[in-house]
Structures are given as structure tokens and as C-alpha cells.
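The values are calculated or read from the model by the stated rules, or taken from the named source; none is laboratory data. Because the structure is predicted, anything quoted here is derived from the model rather than measured. Counting neighbours? That spans all protein chains shown, and the Cβs are built from the backbone with ideal geometry, glycine included. The accessibility values were calculated without ligands, DNA or RNA, using every heavy atom of the protein model including side chains. Shrake-Rupley method; radii C 1.70, N 1.55, O 1.52, S 1.80 Å.
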Amino acid sequence: MGVSMRDVLNFDIMNEAVVHTGETELDQRDIEWISVIEIPVENFVRKHEFVLSTGIGCEDHPSIFRSFVQDIIDSGATALMIATGRYVSNIPQEVLKLAQEHDFTLIEVSWQTRFSDIIHRVIQLINEENESNRNRVEALRQALVTSVLNGCTLEELMNQLYHAIEIPVAISDDEKNIRANCDFDADVIAALNGERDIAVERLARPDLPLTEHPLYHHLNQYLVGEKTCYELTIFSNNKKQGYLLVMPKSAEELNWFTMHALEHGLTACALYFLTENAVEKTEIRLKDNFVLQLAKDDTALDAKMLSKGELLGYDLTLPYACIVGDFQLKEIETDWDDHYDQPGQSSLHSLNYYVQKEITHASQQLERKTMSSFDEGEVIIFLEIDHSGYQETVNHFLDMVERRLHDQLAHVYFAWGIGLHANGMRAFYESYQEARTALDIHTDEAGFGDRTFFEETKVNRLLMNVADNEALIDMVRETVNPLIEYDRKRQTDLIHTFMTYQKFKGNVSQTSRALNLHRQSLLYRLRNIEQLTGLTLVDADDSFMLELSVRLWLLKQFK
């Protein structure tokens, strides 16, 4: 798995390359990136990097050359390729000996070999491999979640994960009773449970190559005698349900694909335990219905509602912002087992579960209370806030949710509307109405995506209130229709040009840069706008008239 040095050496442009050392390890040398480096190396080379160099500065200085190669080796690079014939006529024997001693791959190519060709091919291969891994991960996620929803056993679920990552895995419940085992060492499990007299040490920080992966901070690494295993705690509905155990031969096996596969396996296990626990399913349903009632029923927030919320673990006396989200799903094709390709059965349930998981994670990280619900593809979240600077809190919260969701569900796109919780008996209902209105206004005017706060829609709400005036409707049609017809026939965008011109307060230079237009081309468009509408853009009244008409038209009130 991954791009190896053998793959790179199979390129046509590498036919004349000479592998001086490390030839027997070419299949095991993985490449994550490629770069061109000359002296000094310092910290510019990272682990698993394929380094290209001309050896400039090392000519006639074998000791400098040797030091340069030593630095490359110490950085953890995969291989070093030297272009000889210009600055270095040949690679010194002491450098070859150094590479041989470290079993390091050292390659020589002629000066005529273009680095840009090699870099292009390697990056292309890496991108193809990354895309393949992303599709494999997405296929595995769909397979695992669909299997849970179709009623598979825990053993069957672990078998799917085991065959995907080819690393021994096991799962236990919160009492540490083994529920499924796929080639996991039984003695290690017994030692972890205190049933065998084997030394067990938990490391303060797991020793992994991917420290930036979100799963890294949830891994516990144990040294059990001379063996190593990793443990992940399975949480479902804020409750510990069990443990997922994994036992790779080395930490290098926990690569990008494996870590994402484990994260999806962890989520699938959590979903399995959730479906297994009827009491928790009932509680979730009650909470979901309660939040929907708060948001969509114009019900007074009386003592009865406060008491019901308290029973469900909600404190309705706190200040909340309402966040309403819609999503769009871009389907992808996958060559995973067709038996699991049933998106209609699992996609919405899976999405809801993932979103709820990230809402819970973000609220814990920010130490904020949340209440959330899902209603036919609509996500409703009430987030605890401070009235001062609440937009920063909301943006931070959504940043955390979206960042992790993008890693797991790269083909799901969200749009958010936000309304501020107000004091009063109808606070939740009103803040939901504000959030929904903000989202709808932005979607109608600018299309799907982004975040919109209710207070940012003042102008649009004002325009909507006057949009029913028949005289105004006729005026807008009379003003905007010539521009629409011109754009349609000439494939131009005069309306967008004018709104950009207004955005920059009539500054031609700034507008032309924003539109990537030549100054004269912009002036030509502006003259066309004036001729078509009969309005003069330098006249304040005419400019206001045209902007008002365009804004009303963009709100789609007259289509």
C-alpha cells in the first residue's frame, strides 16, 4: 500500500537511473512527498520524502557531500537521487559506504534528466494513490455502517475491518468482556484485563507517525511484555460502550488509511452498541422530539417545559444560539463489495450519526452545552453562548464540526443559518425562525453554502417587506429585464459587473481587479448598463434605483 521507490523507478524517465545502495528495500520504501534540496538540509526534509539534488556546493568536497547525505538520512527521508555531470562528476566512495551502512537508497541519474518530469510523475502517482485511499475509506465507511443498520453481528463487523486493514483487531464491552476477536493475541487481552502475570505499561503518549490525525489523541498504547497494542474507547450517546483493540506489527502500519479505517470502525462499533441498547434509543428519540418541539412549535417556555428539559439533561435557562443546517450530498462510485452498496438505506442515518458525533465532540472541546435534532435532512442545534462575542463562539464551534466531518464525509457540503437566543417565553421558537430565515435568504440570493447570521440579513428582510408593491414590481422588471436579455443573448454578466462596481463604491480600478477585467473592458460594460437601463451610474439616485432593482430581482421575488 502506498507509493514505493520501486513504482518510481519503473517510470520511463528513470530507465537510466543507477541504484547504488538499498536496492533490496525498494518495495518497502514508501514515498509521501518529493522535493529538491541542496545544502544545507537543516529541517527542510521530512520523513518518507524522496529527495532530489544536484549536489551543488559539494563539488570537490567529499566531506561536505558526506555530511549532506548524513543529514538526509537522519531526516528519515525515503531516498536520495543525485544528478551527476555538472556539479558532481561522480559519487564519492565514502558517501556510497555511508549509504550502504545505513541501508539507505541512493540513486544516481545523469544531468540531462529533468527533475520537473520526475516531480510531475511522482506527485501524480501520490495524488492517484491518495484518491484511491479516500475512495477505499469511503467504501469501507459505507460498508461498516450499512452492515450495522442491516443487523450484522459484532463478529461480522470486526471481520470487515480486519480484512480491510489486515491487522489483528478485537472488541470488548465496557466490562472488558471480549465480544469479537480477529487474530488478536488472547494472552495480550488477558494481560490487559489483569488475568495474566505479564507486565503491562501504558505509554504517556502513543508512538505513531501520524500525530496530527484526530484519532491520535484518543489512542492508548500499551506495552504488554515484549508486545505492543493500541486501545480505542468506544463512546455512544456520551456513554462508554467498550473498547476497540488493534495490534500492528509496527507503528508504521498505522498509516493514513489504517487510521481512517479505525476511526470508521470505531464509529460503526459505537453505532452497533447504540442500536443494541433499546433504552438509549428511546432516550435519543425523546431528546430529538423535544428539541424539535422547542424549535418548531410556538409553545410557551413554562415550568412544565423547563422540567421536561431537565429530565432529559437540558438546562433551558442558559442563553443559546440556534444553528440550522442543510446539507448536499455528492454521491461517489465505489468498487467495494456490491453487497454493501445500499446508500438509500444508510446515508441519511449515517450522516445524522456522524454529525451528532461531531456536535458532541465540539461541545466537549468548547465546554458548551448543546441540544440538537435532525428533521428530514435539516440539522437543528442550540449552542450555549455568551451574548457578547457570540458569533466567534458559533464560528469556532462550526469550524470544529466541519473540519472533522470533512475528513470523514468529504462529499457532504453544509450551509448554516444562525439566530440569536432572545429572552422570553418563545425564545427557542423565535431563534429557530431567525436561523431558518437567514439560511433561506442566503440560499435564495447567493446559492448553497456558507454561514449567515440573522442580523446580517437586515437589508434583504427590508426588501422582502416591500416586494409586494405592484408598482415596485413593474419598476424592477422595467429596469432589470434589458440587462437580463442582454446577458442571455451575449453570454455576459452585466448584473454581476454592476453589483461588484457598487461593492467597491464606484472605484473602477478595484472593480476591474476583482472581475479580472481590463479597465477599458469594464468601462465598456458600464456604458452598456447605462444605455440599456437609461440610468446614469454617477448619479446617486439612478445608482440607488438600479441597485435596489437588482437586489429585489436577486431575491427571486419576481420570477
Percent of C-alpha pairs per 5 Å bin, region 204-250, short to long: 5, 19, 27, 26, 14, 7, 2, 0
If we restrict to alpha carbons, what Rg and Dmax does region 53-147 come to, in Å? 19.1, 65
What does the extension gain come out to for H120 and S132, with contour length at 0.36 nm per residue minus their alpha carbon separation? 2.5 nm
At 37 °C in a medium of viscosity 0.692 mPa s, region 240-296 has a Stokes-Einstein diffusion coefficient, with Rh taken as the Kirkwood radius over alpha carbon pairs, in µm² per second, of 235
Counting all Cα-Cα pairs in the chain, those more than 40 Å apart amount in percent to 49
Per residue, how much accessible area does region 10-154 have with a 1.4 Å probe, in Å²? 49
How high is the FRET efficiency between D386 and H411 when r is their beta carbon distance and R₀ equals 35 Å, given to the nearest 0.05? 0.50
In whole Å, largest first, the alpha carbons of region 105-215 cover along the principal axes 65, 41, 24
Just to verify a number: FRET efficiency for D539 and N395, C-beta to C-beta distance, R0 = 41 Å, to 0.05? 0.55
Ranked from highest to lowest mean number of other Cβ atoms within 10 Å per residue, what is the order of the peptides 107-116, 387-396, 354-363? 354-363, 107-116, 387-396
What is the percent carbon and sulfur in the accessible area of the chain, measuring with a 1.4 Å probe over the protein chains and ignoring ligands? 46
At a Förster distance of 35 Å, what's the computed FRET efficiency of E378 paired with E252, Cβ-Cβ distance as r, to 0.05? 0.20
By the gyration tensor of its Cα atoms, with a ≥ b ≥ c the square roots of the eigenvalues, what is the shape of region 28-186: rounded for a/c under 1.5, prolate for a/b over b/c, or oblate? prolate
Determine how many Å³ per residue the convex hull of the Cα atoms of region 170-324 encloses. 162
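For V18 and T317 in one chain, what is 0.36 nm times their gap in residues minus the Cα-Cα distance, to one decimal in nm? Write down the numbers at each step before the final one.
Working: separation 299, 0.36 × 299 = 107.64 nm, distance 7.31 nm.
In short, 100.3 nm is gained.
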Mean-position separation - Cα centroids, region 200-244 and region 492-531, in angstrom: 57
What GluC sites (Glu not before Pro) does region 148-213 have in DSSP loop regions with at most 13 other beta carbons within 10 Å? E166, E175, E195, E212
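At 1.4 Å probe size, with every protein chain present, just tell me what the per residue accessible area of region 474-541 comes to in Å². Working shown, then result.
Values: 4330 Å² over 68 residues.
The answer is 64 Å² per residue.
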Please figure out what share of the DSSP beta bridges in the chain is antiparallel and state it in percent, rounded to the nearest 5. 75
Suppose the chain between R477 and R6 were pulled fully straight at 0.36 nm per residue; how much longer would it get relative to their current alpha carbon spacing? 162.9 nm
Zero-based 10 Å bins, Cα pair distances in region 1-69, whole percents: 17, 45, 34, 4, 0
If you consider only alpha-carbon coordinates, what radius of gyration and Dmax does region 162-239 have, in Å? 13.1, 36
